[in-house]
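S.K.: First the structure, then my questions, so here it is.
The values are calculated or read from the model by the stated rules, or taken from the named source; none is laboratory data. Not measured: the values here are computed from a predicted model. Quick reminder, even Gly has a Cβ in these numbers, built from the backbone with ideal geometry, and neighbours come from all protein chains shown.
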Amino acid sequence: MKKTPERVEALAAEYVLGSLRGRARRRFERWMMESVRVRQEVWFWEEKLGHLGARVEEETPPVSVWSGIERRLWPQNRKPVTATAANDGAGRWLWPGWSLVATAAALVLAVILLQQPEPRDDDRLSGAIVQADLTDPLWLVSESAFERQLKLRPVAATAAEQGKDYELWIVPADGQPVSLGVVPVGETYQITLDDETRELLSSSRTLAISLEPLGGSPTGTPTGPILHVAKLYEL
Amino acid sequence: MTAIDTEQDELMGLLIAVAREDRAAFQRLYEKVSGKMFGLCLKLASQQDLAEEAVQDAFVQIWHHAGEYHNDRGAPLSWMLTIARYRTLDLMRARKAKPTAGDSHLAHMEDGREGPLDVSLRSAGAEELNGCLEELSEEQRDSILLSYYRGFTHDELSETLSSPIGTVKSWIRRGLMALKRCLEQ
């Protein structure tokens, strides 16, 4: 479809109003990325219709909304909360124990700054999953905000014991770990992260690998031993 | 300088500070804007938890993108409310949690529009918009306002306004273009 001025004008208005939906909306968002003229048309409507938003009666949001924002932006600063609901559920996996497990496994964490062939203007996280008695890392980890991808490249990693799989997790500062799927050993494991997962990873910067039944944890939280914990660093 | 200008200047100052990662300014911004934002999201979604999530998401975005705000994006308040409104619409679509089209919503919408406009429409831009909305036909105005405040789809508008979809679409399209011509004068 051609970006005629009439079409841009009509679609921009419907985009801001919200009545442009589905594929038409996504196509128009591509137009916005491609053309400043399209964006300006959108801004015109955002500004004009924005006045409608400002005339709505105020409603004070519950306090939990602000604390949720703080938790998402600065999870490391969080004051310890007594008996948080998230960790209280009966039968929940006792995640705070992971640090002890990791220590018991005599794990050494190391950072290897990966040489990026073409430095790009984006945020990258990087690190390695290592084991004390091996000189080579098990996996090299890199995350690119630009590509929205997390890559796990096996170096010295060996296959899990028979009937088992390795599963990769993001370990948030609090709450349950989030699965990033089962990691194959023989090849580079590559996952595209959605916004929420990226946000979580960039704030916690902690990954873990657990040993799970074939196909991964049946419960959605780690069920087997935590083999490795790795911290990622910004490049 | 009017009260509105002072207000927008203050919001602008806070946004600039937020772009420099000033957390105290961010909290102050939240205190100033969250009531309006939550009111708008709640009206749009008719669902408390969805509105709460949208406000959270919007403020996380504002923290990360405050540096991208510029004058072409409208007044600071409009910019922030727009972020929250898009987020609410996304969440509504993702959850298919659309408000049911019905008379109660229509009545509610009318309340908002007929409310104490003299009080709430203090800025020049808002008065201009209001004047131009008044020049539209009633059907055009209602379909635009129901889309804006309620996130109604064409189907829902067609049901609520008891008119064929094609008619509803053309009310919106023509209404918006008439509005633009009026606003550009």
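S.K.: At least 2 residues that are over 15 Å from A:Arg148 (Cα atoms) and in the same structural domain as A:Glu167 (by TED's automatic domain parsing) in each: list the strands (runs of 3 or more DSSP E) lying fully within the stretch A:182-235 that qualify.
M.R.: Here the list reads A:206-213, A:226-231.
S.K.: Regarding the stretch A:199-220, can at least one residue be identified that is surrounded by fewer than 17 Cβ atoms within 10 Å (Cβ to Cβ) and modelled with pLDDT under 80?
M.R.: No; the residues of the stretch A:199-220 include none that is surrounded by fewer than 17 Cβ atoms within 10 Å (Cβ to Cβ) and modelled with pLDDT under 80.
S.K.: Only residues that are assigned to a helix (DSSP H, G or I), more than 8 Å from chain B (Cβ to nearest Cβ) and surrounded by fewer than 19 Cβ atoms within 10 Å (Cβ to Cβ): list them for the stretch A:1-31, please.
M.R.: A:Pro5, A:Glu6, A:Arg7, A:Gly22, A:Arg23, A:Ala24, A:Arg25, A:Arg26, A:Arg27, A:Glu29, A:Arg30
S.K.: So, one more: Given the criterion modelled with pLDDT of 90 or more, out of contact with any Leu (no Cβ under 8 Å at 6 or more places or on another chain) and not assigned by TED's automatic domain parsing to the domain that holds B:Ala124, identify the matching residue among B:Leu42, B:Leu50.
M.R.: Every option except B:Leu42 fails the conditions.
S.K.: Let me ask something else. Which of the residues belonging to the stretch B:46-75 are of a type outside the set (Gly, Ala, Ser), within 10 Å of chain A (Cβ to nearest Cβ) and touching a Phe, Trp or Tyr at 6+ places or on another chain (Cβ under 7 Å)?
M.R.: Residues satisfying the conditions are B:Val55, B:Phe59, B:Trp63, B:Asp72, B:Arg73.
S.K.: Something else: May I ask you to verify whether B:Leu29 is more than 8 Å from every other protein chain (Cβ to nearest Cβ) and out of contact with any Cys (no Cβ under 9 Å at 6 or more places or on another chain)?
M.R.: Here the answer is yes, as B:Leu29 does meet what is asked.
S.K.: Applying the selection to the stretch A:32-50, what residues are part of a helix (DSSP H, G or I) and either away from every other protein chain (no Cβ under 11 Å) or among the polar types (S, T, N, Q) (or both)?
M.R.: A:Met32, A:Met33, A:Glu34, A:Arg37, A:Val38, A:Gln40
S.K.: Now a separate question. If A:Tyr233 meets every condition in (1) modelled with pLDDT under 85; (2) over 20 Å from the mean Cα position of the chain (by Cα) apart from one, which number is that one?
M.R.: For A:Tyr233, the exception is condition (2).
S.K.: Need pairs with beta-carbon distance below 6 Å; first residue on the phi < 0 side of the Ramachandran plot and within the stretch A:1-30, second of a type in the set (Gly, Ala, Ser) and at pLDDT 90 or above; sequence gap 6+ or separate chains.
M.R.: Sorted first by the residue in the stretch A:1-30, then by its partner, the pairs are A:Leu17/B:Ser147; A:Ser19/B:Ser147.
S.K.: How do the pairs read when you match residues in the stretch B:118-134 that are assigned by TED's automatic domain parsing to the domain that holds B:Leu77 and surrounded by fewer than 19 Cβ atoms within 10 Å (Cβ to Cβ) with residues anywhere that are at pLDDT 85 or above and of a type outside the set (D, E, K, R), using Cβ under 6 Å and keeping only pairs 6 or more apart or on different chains?
M.R.: none
S.K.: So, in the stretch B:135-162, how many residues would count as being outside any helix (DSSP H, G or I), more than 10 Å from chain A (Cβ to nearest Cβ), small (Gly, Ala, Ser) and buried (at least 16 other Cβ atoms within 10 Å of the Cβ)?
M.R.: Adding up the residues that qualify gives 0.
S.K.: Which residues, counting only those in the stretch A:155-180, are surrounded by 14 or more Cβ atoms within 10 Å (Cβ to Cβ), touching a Leu at 6+ places or on another chain (Cβ under 7 Å) and either outside the structural domain of A:Thr221 (by TED's automatic domain parsing) or over 15 Å from A:Leu227 (Cα atoms) (or both)?
M.R.: Once the filter is applied, which keeps residues that are surrounded by 14 or more Cβ atoms within 10 Å (Cβ to Cβ), touching a Leu at 6+ places or on another chain (Cβ under 7 Å) and either outside the structural domain of A:Thr221 (by TED's automatic domain parsing) or over 15 Å from A:Leu227 (Cα atoms) (or both), the stretch A:155-180 yields A:Val155, A:Pro172, A:Val178, A:Leu180.
S.K.: Taking into account only those residues within the stretch A:49-75 that are of a type in the set (Ser, Thr, Tyr) and farther than 11 Å from B:Phe38 by Cα, which is farthest from the chain's Cα centre (by Cα)?
M.R.: For the stretch A:49-75, the residue satisfying everything is A:Ser64.
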